[in-house]
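Heads up, the thing below is written out as structure tokens.
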Amino acid sequence: MADIVPSEPFRFMDRDFGNLRRMMDRVFDDTFFRSPAAFGDEGSLALDVMEKDGNVVVKASLPGFTKEEIDVQVHDGVLYIKAEHTEEKEEQDAKFYRRERRYGAVSRRVALPGAVSDAEVSAELKDGVLTLSLPVPQKAQPKQIEIKAG
């Protein structure tokens, strides 16, 4: 039986181009080139989610974003954060060597732990950190039922 040999499209190149494949693999393994699907449906914004003093507290680092550029929604126990900004202004008198700050967008969708109240959410943006606080509703307590004599 014949062995199956994988195709090597760069094997015919001389030694100067032998590293091309490894270089290209490294370039496209960089997170900049990954599609949003590589991050799953949740998005790419890193979050800290914790419970503190009867609240679910969520912290997200959003440096450079203003409160007007941030959209926060809570629906059916799912938190959605999206932050997006475009180029501030184009400078005509400058020669750019690198220009990476024109546009930026991050988002994240995450299911919140337990049953949280959608109605009472407080949000604060301070020093590039968005902090959300969502109260955890009181758990149902057993109720004593009085039995009447009949």
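Throughout, read-outs are computed from the coordinates displayed, never taken from laboratory work. Because the structure is predicted, anything quoted here is derived from the model rather than measured. Neighbour counts run over all protein chains shown; Cβ positions are idealised from the backbone, glycine included.
Multiplying the residue separation of H75 and R98 by 0.36 nm and subtracting their alpha-carbon distance yields 4.3 nm.
All other residues whose Cβ lies under 10 angstrom from that of E69 are scored, Lys and Arg at +1 and Asp and Glu at -1, for a net of -1. On the basis of the beta-carbon distance and an R0 of 30 Å, K82 and M23 show a calculated FRET efficiency of 0.30. Histogrammed with a bin width of 10 Å, the alpha carbon distances of the range 43-135 distribute as 15, 44, 24, 11, 6, 1 percent, first bin at zero.
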